[in-house]
Amino acid sequence: MTSLLAEVLQGEPLTERETEILAAAAEGETAAQTGQRLYLSSETVKGYRKRIIAKLGARNGTHAVVLAIRRGLLPLSPQRPPEPVPVRAQASVRRG
């Protein structure tokens, strides 16, 4: 990311959409997953993420999430309940 973009955007508040996208990243969603859920292209989501990083003065996406939590922009605990993980039943083994 260019330092010029960071200079221009750093300190600006995050929009509601940017906060939503940052929260999705904090939950581990990929740009493609976030895009699909929000009806955006993954490239659009990546563009939002670059702006978020610049606005927060972060070095990368992980740093942006940490800074947002520290600044109270994101809650420490997830907003959404975790997705259930499917468990495959194992066939019982007969011993004879």
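Here the average projected area of the convex hull drawn through the C-alpha atoms of region 16-79 stands at 3.8 nm².
Heavy atoms only, 1.4 Å probe, whole protein assembly: order GLU18, GLU43, GLU27 by accessible area, highest first.
In descending accessible area the options line up as GLU43, GLU27, GLU18.
Counting charges near ALA68 (Lys, Arg +1; Asp, Glu -1) among other residues having Cβ under 11 Å from its Cβ returns a value of +2. The order of VAL45, VAL66 by accessible area, most exposed first and with a 1.4 Å probe, is VAL66, VAL45.
Computed on protein heavy atoms with a 1.4 Å probe, the accessible areas place LEU40, LEU76 in the order LEU76, LEU40, largest first. Between GLU43 and SER77, the FRET efficiency from the beta-carbon distance, with R0 = 41 Å, is close to 0.85.
The values are calculated or read from the model by the stated rules, or taken from the named source; none is laboratory data. The shown structure was predicted, so the numbers you read here are calculated from the model rather than taken from an experiment. Here the Cβ is made from the backbone with ideal geometry for all residues, glycine too, and neighbour counts use every protein chain on show. SASA here: full protein model, heavy atoms, side chains in, ligands and nucleic acids out. Shrake-Rupley method; radii C 1.70, N 1.55, O 1.52, S 1.80 Å.
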